[in-house]
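Each remark here refers to the structure printed beneath this line.
The values are calculated or read from the model by the stated rules, or taken from the named source; none is laboratory data. These numbers were taken from a predicted model, which means no experiment stands behind them. Backbone-built Cβ (ideal geometry, glycine too); neighbour counts: all protein chains shown.
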């Protein structure tokens, strides 16, 4: 498989507005791509489309070799999406949330405490999510993505709401993911933070990729 | 089965912490039994005769709230999207949600059963028939409710449309369960097992339809 992501002429409508308006993009496996652009450019919709959550109105897209239109379940099982919503159950503890999502993803064997230690949340494992701060919830949400062991990481503003230590954790996880052979796509406004990690930068505006550049090919060996 | 049980256990654990069913839905169902008794202004014999129907009407109203709560657990945290992302087959997601609702409904029915004994002086003449009919009816209600609950979310008017969607298709369940309970409580000369057979058929139909349709309706949540 040459490309982890292969999108051609993708159109995605939100209501009747074309959030993606004929977007094309190819990403090699093992790369880190920063998706940048103004608000409303289509960054989040691009990530959701790659996760099999935003249906294509036109065009085609394959993710990790699976067609997002005809094989959405296989796509979803292979990607990890960190979205602005933490997608955690407030009444459950962090450990219970992780255990639940690990079971649903078919990863019963995952070491929950190791995953929590990776995001510096192990001391809070038995604490209910409702009692956590925004940054702590964000860290727990990142741990949920990590335990899925995705082959494609889709990170939407991953540094938002995190303190300096949390931001370093995110950067470390991106490096771990690449070392494990995964592909990472990061939509972010924090260009200074993500650019050093990125091998490529895709500039999105008006629902299409205006510019795609290689910025740091040595970062992942791509 | 791991995924199904994990989903059901998650919902039951959330209920154990939030106690919405225990502190709001069960009392609501009991209030219905009391209100019927007051509104009908009937003697104990009449109430005993009407108990099967009143029991199932109270159960149906309570089930609407239980299903709304089951859906709210997911919508509050935007976790329907995470469930879709999990990669688990839709029918397993459906089965897990329906199983949790069914267990909660059975608990509500147990309390209501005590309620009709205390308030209406009902007596369980055929406990096996009553329990079998209750389980079959509960599976039917939980299955249809879990499907229609997600459908209502997709329509964007979840809190108000669910009773309008759910109660009409619950009419066969209401009729059959009332007849079966009529026999089980000794208030009607009917063959309760025939009606229980119909409840079993409805349970199979609603559960199968839910499992098959869930993959489609959950995409719109």
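Residues being within 28 Å of residue A:151 (Cα to Cα) and within 9 Å of another protein chain (Cβ to nearest Cβ) are represented in the range B:7-16 by at least one member. All conditions in (1) within 18 Å of the chain's Cα centre (by Cα); (2) surrounded by 18 or more Cβ atoms within 10 Å (Cβ to Cβ) hold for residue B:74, with the sole exception of (1). Put simply, of A:52, A:37 the only residue that is within 14 Å of chain B (Cβ to nearest Cβ) and on the phi > 0 side of the Ramachandran plot is A:52.
The listed residues are A:145, A:68, and the only one of them that is at pLDDT 90 or above, more than 11 Å from every other protein chain (Cβ to nearest Cβ), closer than 30 Å to residue A:207 by Cα and buried (at least 22 other Cβ atoms within 10 Å of the Cβ) turns out to be A:68. Of all residues in the range B:2-26, those that are more than 16 Å from the chain's Cα centre (by Cα) and part of a helix (DSSP H, G or I) total 14.
Inspection of the range B:9-17 finds no residue satisfying the criterion of being loosely packed, with under 15 Cβ neighbours inside 10 Å and farther than 22 Å from residue A:102 by Cβ.
Taking the range A:101-123 as the search range and keeping residues that are within 13 Å of chain B (Cβ to nearest Cβ) and in a helix (DSSP H, G or I), which one is surrounded by the most Cβ atoms within 10 Å (Cβ to Cβ)? Taking the candidates together, the pick is A:101.
Condition check ((1) surrounded by fewer than 17 Cβ atoms within 10 Å (Cβ to Cβ); (2) touching a helix residue (DSSP H, G or I) at 6+ places or on another chain (Cβ under 7 Å)) across all residues:
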{"site": "B:109", "(1), (2)": "no, yes"}
{"site": "B:120", "(1), (2)": "no, yes"}
{"site": "B:139", "(1), (2)": "no, yes"}
{"site": "B:154", "(1), (2)": "yes, yes"}
{"site": "B:179", "(1), (2)": "no, yes"}
{"site": "B:204", "(1), (2)": "yes, no"}
{"site": "B:217", "(1), (2)": "no, yes"}
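Conditions (1) out of contact with any helix residue (DSSP H, G or I) (no Cβ under 6 Å at 6 or more places or on another chain); (2) over 30 Å from residue A:15 (Cα atoms), marked per residue:
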residue	(1), (2)
A:69	yes, no
A:84	yes, no
A:102	no, yes
A:123	yes, yes
A:131	yes, yes
A:135	no, yes
A:141	yes, no
A:147	no, yes
A:154	no, no
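How about the range B:141-172: which of its residues are touching a residue at least 12 places away in the same chain (Cβ under 8 Å) and farther than 15 Å from residue B:214 by Cα? Correct list: B:141, B:158, B:159, B:162, B:163, B:165, B:166, B:167, B:169, B:170, B:172. Taken together, the residues in the range A:73-100 that are within 8 Å of chain B (Cβ to nearest Cβ) and closer than 16 Å to residue A:132 by Cβ amount to 9. Take the conditions touching a residue at least 24 places away in the same chain (Cβ under 8 Å), within 21 Å of the chain's Cα centre (by Cα) and within 11 Å of chain A (Cβ to nearest Cβ) and apply them to residue B:65. Does it pass? Against the criterion (touching a residue at least 24 places away in the same chain (Cβ under 8 Å), within 21 Å of the chain's Cα centre (by Cα) and within 11 Å of chain A (Cβ to nearest Cβ)), residue B:65 does not qualify.
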